[in-house]
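The values are calculated or read from the model by the stated rules, or taken from the named source; none is laboratory data. This is a predicted model, so every value here is computed, not measured. Neighbour counts are summed over all protein chains in view; Cβ atoms, including those assigned to glycine, are modelled from backbone coordinates with ideal geometry.
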Amino acid sequence: MLANFDTYETPNYYQLNYGYRITPKDIISIEAITWNYYEPVGIPYGSEKTDEINNFPGKVQAYGIGFAYKRFLWKKWYVAVHSTAFHQNYLNENNKKIQSGFQLFNTLRFGYQFSFFNNRFFIEPSIAFTYWPINTNLPNSFQVEEDKWPNYFLFEPRLHFGFNF
């Protein structure tokens with residue numbers, strides 16, 4: 001993630017996928033994901049926000065395992081569904097753990113796959129729709145900020161890349 005190069009509130013986002021092509025058009029995957037975030041995930045682009053108003057009083061460290069299903073619809077156009085279970089640690093401004101919780105994070109993606117070097121390398125621009133129906137045990141100070149925003153995000157642009165082994 002390019003935001004990992006930021007020096008302020010670095011998300012430290014890392015994701016590793018292992019997939020298996022069950023048919024020429026169908027792929028199943030398992031995903032390991034970790035990241036930090038400093039404000040509610042549901043804040044829409046272009047909304048009036050400032051760090052002082054919407055930031056959590058600390059950060060969330062999330063560690064998750066997810067499953068995904070991708071279906072190629074026509075040529076290289078695809079749809080993918082992901083569901084990730086996150087263990088979340090809520091840290092205060094001094095990086096001390098306050099408490100832990102659980103989040104179920106779901107994603108629906110529509111995109112296109114560009115393949116290079118005999119399908120060994122790929123780039124996938126996509127649009128994602130995310131929804132997290134379960135988000136438990138937030139500290140009260142985090143919950144106050146979370147309650148200001150929806151538990152979904154529409155039209156999130158993404159750009160994935162990877163290697164096929």
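Are any residues in the stretch 81-109 buried (at least 18 other Cβ atoms within 10 Å of the Cβ) and charged (D, E, K, R), and if so, which ones? Show your work before the answer.
Start the filter on the stretch 81-109 by keeping residues that are buried (at least 18 other Cβ atoms within 10 Å of the Cβ), which leaves 82, 84, 86, 88, 90-91, 101, 103, 105, 107, 109.
Arg109 - this is the single residue of the stretch 81-109 that is buried (at least 18 other Cβ atoms within 10 Å of the Cβ) and charged (D, E, K, R).
Restricting the search to the stretch 133-165, which residues are closer than 21 Å to Phe86 by Cα and of a type in the set (Phe, Trp, Tyr)?
Restricting attention to the stretch 133-165, the residues satisfying the condition of being closer than 21 Å to Phe86 by Cα are 133-147, 149-154, 156, 158, 160.
Phe142, Trp149, Tyr152, Phe153 - these are the residues of the stretch 133-165 that are closer than 21 Å to Phe86 by Cα and of a type in the set (Phe, Trp, Tyr).
Residue-by-condition table, conditions (1) charged (D, E, K, R); (2) closer than 22 Å to Leu159 by Cα; (3) surrounded by 13 or more Cβ atoms within 10 Å (Cβ to Cβ); (4) modelled with pLDDT of 95 or more:
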{"position": "Asp6", "(1), (2), (3), (4)": "yes, yes, no, no"}
{"position": "Tyr18", "(1), (2), (3), (4)": "no, yes, no, no"}
{"position": "Ile30", "(1), (2), (3), (4)": "no, yes, yes, yes"}
{"position": "Asn36", "(1), (2), (3), (4)": "no, yes, yes, no"}
{"position": "Thr50", "(1), (2), (3), (4)": "no, no, no, no"}
{"position": "Pro57", "(1), (2), (3), (4)": "no, no, yes, no"}
{"position": "Tyr63", "(1), (2), (3), (4)": "no, yes, yes, yes"}
{"position": "Gly66", "(1), (2), (3), (4)": "no, yes, yes, yes"}
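Looking for something assigned to a strand (DSSP E or B), closer than 16 Å to Ile27 by Cα and more than 17 Å from the chain's Cα centre (by Cα) - is there at least one such residue anywhere in the stretch 82-100? Write out each step before concluding.
Applying the first criterion (assigned to a strand (DSSP E or B)) to the stretch 82-100 yields 82-91, 97-100.
Now narrow it down to the ones that are closer than 16 Å to Ile27 by Cα: 82-83.
Still in the list and also more than 17 Å from the chain's Cα centre (by Cα): none.
No, the stretch 82-100 contains no residue that is assigned to a strand (DSSP E or B), closer than 16 Å to Ile27 by Cα and more than 17 Å from the chain's Cα centre (by Cα).
Conditions tested, residue by residue: (1) within 15 Å of the chain's Cα centre (by Cα); (2) of a type in the set (A, V, I, L, M, F, W, C); (3) closer than 13 Å to Val41 by Cβ; (4) loosely packed, with under 13 Cβ neighbours inside 10 Å.
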residue: Phe116; (1), (2), (3), (4): no, yes, no, yes
residue: Arg120; (1), (2), (3), (4): no, no, no, yes
residue: Glu156; (1), (2), (3), (4): yes, no, yes, no
residue: Leu159; (1), (2), (3), (4): yes, yes, no, yes
residue: Phe163; (1), (2), (3), (4): no, yes, no, yes
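Let me confirm something: among Tyr112, Tyr78, which residue is buried (at least 18 other Cβ atoms within 10 Å of the Cβ) and modelled with pLDDT of 95 or more?
Among Tyr112, Tyr78, only Tyr78 is buried (at least 18 other Cβ atoms within 10 Å of the Cβ) and modelled with pLDDT of 95 or more.
With the checklist (1) surrounded by 14 or more Cβ atoms within 10 Å (Cβ to Cβ); (2) part of a strand (DSSP E or B) in hand, flag the one item Leu73 doesn't pass.
(1)
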